[in-house]
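**Student:** The structure follows.
The values are calculated or read from the model by the stated rules, or taken from the named source; none is laboratory data. Bear in mind that the values here come from a model prediction, so they are computed numbers and not experimental data. In this analysis, Cβ positions are derived from the backbone assuming ideal geometry, glycine residues included, and neighbour counts consider all displayed protein chains. Surface areas here come from the heavy atoms of the whole protein model, side chains and all, with no ligands, DNA or RNA. Shrake-Rupley method; radii C 1.70, N 1.55, O 1.52, S 1.80 Å.
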Amino acid sequence: MEITYTNLYGKTLTAQQIESSDIFIKIFKEDNRLRKKEFYENNVLFNQLNYIELGSSHQDLLLQNTELIGIIEIEDIDANYTKFHCFTYFNKILESKELEIESNGVIIISQDLNIQTNIPIYNKTYKYYENQEEGYEFEFQHYSSGELASVIVSNRVKQFLEQYRFSELNLIPNFEWWDQYSSYYLNAEPAIPNGIVIA
């Protein structure tokens, strides 16, 4: 089992940096496959996410003496996309379900699901795009009907944060990629892009 440590933003930490960090994540990988993340604050474990293969039982993990536990089932869609089926338990009772899709290591959608029906909750569906060259990040929020409500655009380096309504899309900076991917971002569904690869 390979163990590494990062901060909340994914930056790898040395042993000396861990000692001086208030919050850090301990990451466990086996055969280059993510298996667990442990979250520490002031050297006290406060949350853990366990990664298992799709369809695997949750029972053994729920037997651990942990108040709050996240279990994530991994589903490899193809070479471009991985689907994460996320379950959060509090005192062994299922509290939430979420679906995330990752493309080339970047989350492109997070979508809360109804616990009983597994139906997506569209006003709790967020799609993401990163313009890595310019440092812009885009978060797409949707109405309960599934239609696009607004876009939040941010850039940490330029200290830029702005929210745009659907009618203001033409005002968004660094939005040249929109024509290529708009069919995916205009609606809460589909979770996985049809016929396009978001790099």
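**Student:** When the solvent-accessible surface of protein heavy atoms is calculated with a 1.4 angstrom probe, in what order do 33, 156, 165 fall, highest first?
**Tutor:** Reading off the accessible areas and sorting them downward yields 156, 165, 33.
**Student:** Right, next: Taking the Cα of residue 172, stepping 7 Å toward and past its beta carbon, and measuring to each backbone N in the range 87-127: which are under 11 Å?
**Tutor:** Within reach of a label on residue 172: 127.
**Student:** Another question, then. With the full set of protein chains in place, find how many percent of the accessible area of the range 1-150 is carbon and sulfur; take the probe as 1.4 Å.
**Tutor:** 45
**Student:** I've got another one for you. How do 157-163, 86-92 rank on mean C-beta neighbours within 10 Å, highest first?
**Tutor:** So the peptides 157-163, 86-92, ranked by packing, come out 86-92, 157-163.
**Student:** Please report, in debye to the nearest 20, how large the charge dipole of the range 123-163 is about its Cα centre when each Lys and Arg carries +1 at its beta carbon and each Asp and Glu carries -1 there.
**Tutor:** With only Lys, Arg, Asp and Glu charged at Cβ, the dipole is about 160 debye.
**Student:** Can you list the equivalent-ellipsoid semi-axes of the range 105-149, largest first and in whole Å, using the square root of 5 times each Cα gyration tensor eigenvalue?
**Tutor:** So the equivalent ellipsoid measures 25, 12, 5 Å along its semi-axes.
**Student:** Looking only at 51, 181, 126, which one moves most when the chain is put into a Gaussian network model with springs between Cα atoms under 10 Å?
**Tutor:** Evaluated over the chain, the most mobile residue of the options is 181.
**Student:** How much accessible area per residue does the range 51-199 have, counting only protein heavy atoms and a probe of 1.4 Å, in square angstrom?
**Tutor:** I get 57 Å² per residue for this part.
**Student:** Working out 0.36 nm times the residue gap between residue 119 and residue 47, then minus their Cα-Cα distance, what length gain in nm do you get to one decimal?
**Tutor:** Length gained between residue 119 and residue 47: 23.3 nm.
**Student:** About the Cα centre of the chain, how large is the charge dipole given +1 on each Lys and Arg Cβ and -1 on each Asp and Glu Cβ? Please answer in debye to the nearest 20.
**Tutor:** So the dipole magnitude of the chain works out to roughly 320 debye.
**Student:** Measure up 127/158; 11/37; 97/158 against 26 Å on the Cα-Cα distance and list the ones that go over.
**Tutor:** Flagged as over cut-off: 97/158.
**Student:** May I have the pair-distance distribution P(r) for the range 1-115, computed from all Cα-Cα distances with 10 Å bins from 0 and rounded to whole percent?
**Tutor:** 13, 41, 37, 9, 0
**Student:** To continue, here is another question. Sticking with the crude label model, points 7 Å out along Cα→Cβ, report the distance from residue 194 to residue 23 in nm, one decimal please.
**Tutor:** Here the answer is 3.9 nm between the modelled labels.
**Student:** Roughly how many Å is it from the Cα centre of the range 46-111 to that of the range 124-158, as a whole number?
**Tutor:** Taking the Cα centre of each part, the range 46-111 and the range 124-158 sit 23 Å apart.
**Student:** Could you compute the FRET efficiency for residue 160 and residue 14, with r as their C-beta to C-beta distance and R0 at 45 Å, rounded to 0.05?
**Tutor:** Using R0 = 45 Å, I get an efficiency of 0.90.
**Student:** Here's another thing I want to ask about it. Just grab the label-to-label distance for residue 102 and residue 7, each label 7 Å out from Cα along the Cβ direction, in nm (one decimal).
**Tutor:** A separation of 2.1 nm, rounded to one decimal place.
**Student:** List the residues of the range 18-51 whose backbone N lies under 15 Å from a point placed 7 Å from the Cα of residue 90 along the Cα-to-Cβ direction.
**Tutor:** Counting backbone N atoms under 15 Å from the label point, the list is 47-48.
**Student:** At 25 °C and 0.890 mPa s, grab the translational diffusion coefficient of the range 96-199 from Stokes-Einstein with a Kirkwood Rh over Cα pairs, rounded to a whole number in µm² per second.
**Tutor:** It diffuses with D of about 173 µm²/s by this estimate.
**Student:** Please list the radius of gyration and Dmax for the chain, considering alpha-carbon atoms only, with Å as the unit.
**Tutor:** Both quantities, over Cα of the chain: 18.4, 52 Å.
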